[in-house]
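One structure is given below, encoded as structure tokens.
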Amino acid sequence: MGDRFCVKPTCRNYADFTLNYDYGERVIAIGPLLGAPAQGSYDLCSDHASKTTAPKGWQIVRSASSRSAPDTGR
Ligand SMILES: [Zn+2]
């Protein structure tokens with residue numbers, strides 16, 4: 001299932017995660033692979049998804065497929 005590959009040029013793994021940059025909030029969101037590629041999002045294999053680190057001033061939010069939505073209330 002799935003014919004989407006990790007975006008890393010040297011990587012030949014299938015993508016398991018979708019990474020999305022939110023430039024406004026300076027958040028990198030990593031979650032389960034989206035059904036369709038979206039603008040500003042990148043597909044990553046589990047290996048590269050776990051190795052992704054946030055640039056200075058950014059934070060990474062990882063959302064597993066299990067429901068663990070951090071709701072701090074707004
Ligand atoms: Zn990869």
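What follows is calculated from the coordinates using simple rules that are stated; it is not laboratory data. Given the structure is predicted, the values throughout are model-derived calculations rather than measurements. Backbone-built Cβ (ideal geometry, glycine too); neighbour counts: all protein chains shown.
What the table shows:
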{"read-out": "Considering only segment 17-62, percent of DSSP beta bridges that pair antiparallel, nearest 5", "value": "70"}
{"read-out": "Mean Cβ neighbour count within 10 Å, used as a protection proxy, ranking 45-55, 11-21 highest first", "value": "11-21, 45-55"}
{"read-out": "Counting all C-alpha pairs of segment 17-62, share separated by more than 12 Å (%)", "value": "56"}
